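Novice: Input: one structure, supplied below.
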Ligand code: PHE
């Protein structure tokens, strides 16, 4: 429609014609509003009727051509129609919003009555549990926890512990070497040297050193990676009696109040005298069973009084101080505590096995 034709139409229409057009526009607008199915469609309807070149606007423009006397009445009707259309638009808009909201609520509904997926709780590895138990017992006796590197020099791992390159005791600790001088530590004993050198001349030295150790070993009772806890006490007047007293308390705390210890003479290059320490069998109590091979005793650690040369290598004067040291295998402790027959179960990663272990006091009781 051109503006010419509009003007011409306006001129010829007069009052009645405009009223009829307003009425038609009102009806058309109402129908279009009801049909609009979305906010966008509703906006199109608004523009079509109320926009600058919308139908109602055009009718209003025609007002100028009508008799001045009739104009106010026509204006009133036109405004009423306009207000009615606007009201309709608003009402329809609200209804469309409500429809859209309930559609989204329906589509995005979460059924909170469905049973949830409970994440399965993890458990501690038996070696971690045994390690935590051992640390708890020693720290309660005033030991400090020290650490050293897994990758060691030959000097710290062997030489400073009285094991020169050609020493036959090295055969018992077949090792993983990076170079002739760098090795995966075969024992936690190098931490003795590291700690003493870092702390001399402080007294007393009273530490445990837990950690991984590595040896070329692999069978039902040996794993190429395993864990030890080293113990070291250095002070004036330390004797074998102190060692025996500490280990007695340790054995009773860890394996129960009736547990006894037994010292057998042994040899380690870095202790003199040296001993292997047994505990009375945790299964049969000492009367003899399969676990203790009918001996009533189970070996759990190596120990002794720190060799004077080792004290010297650590920066302490063996004329002034003495000390004891021990080394405990943690896998051994875990196997005894939990009745595990094959060390390889500990490193098989089978969750059916691992799920059985919980920290003491949590969930079901442990052996
Ligand atoms: N380091 C020894 C081993 O691994 C154990 C040990 C530690 C013995 C301290 C005596 C003193 O066999």
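Novice: Scan segment 278-318 for residues that are within 19 Å of residue 241 (Cβ to Cβ) and touching a helix residue (DSSP H, G or I) at 6+ places or on another chain (Cβ under 7 Å) and jot them down.
Specialist: Correct list: 279, 303, 305, 318.
Novice: Which strands (runs of 3 or more DSSP E) sit wholly inside segment 243-341 and have at least 1 residues that are more than 17 Å from residue 138 (Cα to Cα) and within 12 Å of the ligand (Cβ to nearest atom)? Talk me through it step by step, then tell me what you get.
Specialist: Numbers: elements: 261-268, 271-280, 297-306, 322-329.
It comes to 261-268, 271-280, 297-306.
Novice: Moving to a separate point now. Search segment 37-52 for residues that are farther than 24 Å from residue 103 by Cα and pair each with any residue that is not in a helix (DSSP H, G or I) when their beta-carbon atoms are under 7 Å apart and the residues are at least 6 apart or on different chains.
Specialist: From segment 37-52, the pairs are 47/54; 48/54.
Novice: Would you point out the residue of segment 179-197, among those that are at pLDDT 95 or above and away from the ligand (no atom under 16 Å from the Cβ), that is surrounded by the fewest Cβ atoms within 10 Å (Cβ to Cβ)?
Specialist: Going residue by residue through segment 179-197, those that are at pLDDT 95 or above are 179, 181-197.
Among the residues that remain, those that are also away from the ligand (no atom under 16 Å from the Cβ) are: 179, 181-182, 197.
Working: 179: 8, 181: 12, 182: 13, 197: 14.
Top of the filtered list is 179.
Novice: Determine which single condition residue 172 fails, assuming it passes every other condition in (1) under 17 Å from residue 327 (Cβ atoms); (2) crowded, with 18+ Cβ neighbours inside 10 Å.
Specialist: (2)
Novice: Still on this structure: Suppose the filter is within 14 Å of the ligand (Cβ to nearest atom) and without any contact (Cβ under 8 Å) to a residue 60 or more places away in the chain; does residue 173 pass it?
Specialist: For residue 173, the condition - within 14 Å of the ligand (Cβ to nearest atom) and without any contact (Cβ under 8 Å) to a residue 60 or more places away in the chain - is met.
Novice: Okay, next question. Within segment 198-224, track down each residue that is more than 25 Å from residue 265 (Cα to Cα), away from the ligand (no atom under 14 Å from the Cβ) and in a strand (DSSP E or B).
Specialist: The answer is 219, and nothing else.
Novice: Have a look at 262, 252 and point out the one that is more than 41 Å from the chain's Cα centre (by Cα) and farther than 22 Å from residue 192 by Cβ.
Specialist: Only one candidate passes the filter, namely 262.
Novice: Does residue 164 satisfy the condition of being more than 12 Å from the ligand (Cβ to nearest atom), free of Cβ contacts under 8 Å to residues at least 40 places away in the same chain and surrounded by fewer than 23 Cβ atoms within 10 Å (Cβ to Cβ)?
Specialist: Yes.
Novice: So, one more: For segment 129-151, which positions are closer than 23 Å to residue 202 by Cβ and surrounded by 19 or more Cβ atoms within 10 Å (Cβ to Cβ)? Lay out the reasoning, then the answer.
Specialist: The first filter runs over segment 129-151 and keeps only residues closer than 23 Å to residue 202 by Cβ, leaving 135, 138-149.
Answer for segment 129-151, where residues must be closer than 23 Å to residue 202 by Cβ and surrounded by 19 or more Cβ atoms within 10 Å (Cβ to Cβ): 138, 143, 146, 148.
Novice: So if I check each of 135, 152, 147, which one is assigned by TED's automatic domain parsing to the domain that holds residue 338, outside any helix (DSSP H, G or I) and within 24 Å of the chain's Cα centre (by Cα)?
Specialist: Residue meeting the stated conditions: 147.
Novice: Restrict the check to segment 135-142 and report whether at least one residue is closer than 19 Å to residue 328 by Cα and within 16 Å of the ligand (Cβ to nearest atom).
Specialist: Yes, the conditions are met somewhere in segment 135-142.
The values are calculated or read from the model by the stated rules, or taken from the named source; none is laboratory data. As the structure is a computational prediction, the values presented were derived from the model and not from experiment. As a convention, Cβ positions derive from the backbone with ideal geometry for all residues, glycine included, and neighbour counts pool all protein chains shown.
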